[in-house]
Amino acid sequence: MPHFTDGLYDSQTVLITGGATGIGFAMARAFGLHGAQVVLASRNAERLSAAAGRLTALGIENDTVVCDVRDEAAVKAAVARTVSRFGTIDVLVNNAAANFWSPAETMSSRSFRTVVEIDLFGTFHTTRAVVPHMIEQRRGVILNVAITDPQRGLPSFAHAAAAKSGVLALTTTWAAEWGRYGIRVNALGPGPTVTENAVGGMAAGRPDHPPSFELQRRRTPLRRLATPEDSASAALFLCSDAAEFITGVNLPVDGGISLPTPSGDLNPDRAAATPRQHQETTKSE
């Protein structure tokens with residue numbers, strides 16, 4: 001990422017939950033390549049091992065810890081291990097999340113609870129374990145990976161919408177509470193991002209999911225889907241001193257997909273189509 005100086009995070013320790021794959025790993029690599037010591041937390045030991053190997057091959061100092069963010073005791077142990085090895089936690093990225101397609105009318109309470117416990121309670125558990133250290137050192141940055149715009153609704157993802165809305169409420173509340181300690185708290189809202197977990201987990205029970213990525217691309221003003229690196233670049237900025245007076249915000253990294261839909265057709269190639277032509281074109285797609 002040539003937009004940032006190589007030593008931007010020299011001597012800083014970054015803890016990333018859900019850091020073994022996807023957006024979390026892209027962030028780990030980005031922070032590490034800019035000087036940070038990176039600690040990855042995940043439930044999957046095999047994925048953690050593979051991620052650690054990739055980081056080590058790049059010359060990035062790293063550590064891993066198997067941890068389920070729903071387990072408060074395990075989270076506290078992971079944080080204690082990180083502080084013991086590196087002496088501090090300068091940046092916490094709450095990225096661990098669960099998501100899968102499920103219509104609201106058939107969603108089970110177990111499904112709803114699982115996502116809320118991982119996304120919302122996991123964010124609370126990890127932050128609650130880390131923040132005493134940040135208060136003691138009178139500085140720190142917490143970045144919560146959320147969604148772009150929960151007010152627009154997420155059909156078939158009510159569990160994630162509820163959980164991430166809660167995460168955004170925590171973001172603004174914590175920013176207001178902990179600013180006096182020099183702690184900044186922000187959120188980042190990735191747009192539709194094609195990752196292994198997105199294709200595998202979110203497509204479960206939904207045979208039309210892969211084509212929906214193309215539909216989302218067409219709805220995005222910048223005409224492409226997000227990449228994990230897009231979120232990683234935004235994280236590098238929000239957690240750096242360049243953003244030292246920014247707290248309590250949710251930064252959409254979505255190519256404009258969360259913008260209000262204009263009355264006209266977003267596709268200029270189809271703007272001149274008659275209503276009948278437009279209907280036929282839609283059917284053919």
Scanning segment 146-173 for residues that are in a loop (DSSP other than H, G, I, E, B) and either among the small types (Gly, Ala, Ser) or modelled with pLDDT of 95 or more (or both), the one nearest to the chain's Cα centre (by Cα) turns out to be 146
Exercise for review: Tell me, yes or no, whether segment 61-75 has at least one residue that is more than 24 Å from residue 235 (Cβ to Cβ), of a type in the set (Ser, Thr, Tyr) and modelled with pLDDT of 95 or more.
Suggested key: no
Within segment 174-206, residues being part of a helix (DSSP H, G or I) and modelled with pLDDT under 75 number 6
Given the criteria small (Gly, Ala, Ser), modelled with pLDDT under 95 and within 27 Å of residue 230 (Cα to Cα), does residue 98 qualify? yes
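Can residue 19 be described as buried (at least 24 other Cβ atoms within 10 Å of the Cβ), under 16 Å from the mean Cα position of the chain (by Cα), part of a loop (DSSP other than H, G, I, E, B) and modelled with pLDDT of 95 or more?
On the way: buried (at least 24 other Cβ atoms within 10 Å of the Cβ): yes; under 16 Å from the mean Cα position of the chain (by Cα): yes; part of a loop (DSSP other than H, G, I, E, B): yes; modelled with pLDDT of 95 or more: yes.
Spelling it out, residue 19 is indeed buried (at least 24 other Cβ atoms within 10 Å of the Cβ), under 16 Å from the mean Cα position of the chain (by Cα), part of a loop (DSSP other than H, G, I, E, B) and modelled with pLDDT of 95 or more.
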Restricting segment 141-156 to residues that are buried (at least 24 other Cβ atoms within 10 Å of the Cβ) and without any contact (Cβ under 8 Å) to a residue 60 or more places away in the chain, the one farthest from residue 246 (Cα to Cα) turns out to be 147
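Based on what the data block shows, is residue 242 surrounded by fewer than 16 Cβ atoms within 10 Å (Cβ to Cβ) and either charged (D, E, K, R) or modelled with pLDDT of 90 or more (or both)?
Yes; evaluated as a whole, the condition is true for this residue.
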Would you confirm, using the coordinates I've provided, whether residue 48 is surrounded by fewer than 24 Cβ atoms within 10 Å (Cβ to Cβ), in a loop (DSSP other than H, G, I, E, B) and modelled with pLDDT of 95 or more? no
Residue hits (segment 104-127; farther than 14 Å from residue 162 by Cα and either surrounded by fewer than 15 Cβ atoms within 10 Å (Cβ to Cβ) or of a type in the set (Val, Ile, Thr) (or both)) are 105, 106, 108, 110, 126, 127
Of the residues in segment 207-227, those that are closer than 20 Å to residue 154 by Cβ and either hydrophobic (A, V, I, L, M, F, W, C) or at pLDDT 95 or above (or both) come to 213, 215, 225, 226
task: Examine segment 157-171 for a residue that is touching a Phe, Trp or Tyr at 6+ places or on another chain (Cβ under 9 Å) and either closer than 16 Å to residue 19 by Cα or free of Cβ contacts under 8 Å to residues at least 24 places away in the same chain (or both), and state whether such a residue exists.
output: no
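Could you check segment 9-58 and list, in sequence order, the residues that are under 23 Å from residue 71 (Cα atoms) and of a type in the set (Phe, Trp, Tyr)?
25, the sole residue that qualifies.
If you scan segment 216-247, which residues turn out to be part of a helix (DSSP H, G or I) and among the hydrophobic types (A, V, I, L, M, F, W, C)? Before you say what the answer is, go through the steps one by one.
Step one: filter segment 216-247 for residues part of a helix (DSSP H, G or I), giving 216-219, 228-238, 241-243.
Within segment 216-247, 232, 234, 235, 236, 237, 238, 242, 243 meet the criteria.
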| Of the residues that make up segment 63-84, is at least one surrounded by fewer than 18 Cβ atoms within 10 Å (Cβ to Cβ), assigned to a strand (DSSP E or B) and either within 20 Å of the chain's Cα centre (by Cα) or of a type outside the set (Lys, Arg) (or both)? | yes
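The values are calculated or read from the model by the stated rules, or taken from the named source; none is laboratory data. Given the structure is predicted, the values throughout are model-derived calculations rather than measurements. As a convention, Cβ positions derive from the backbone with ideal geometry for all residues, glycine included, and neighbour counts pool all protein chains shown.
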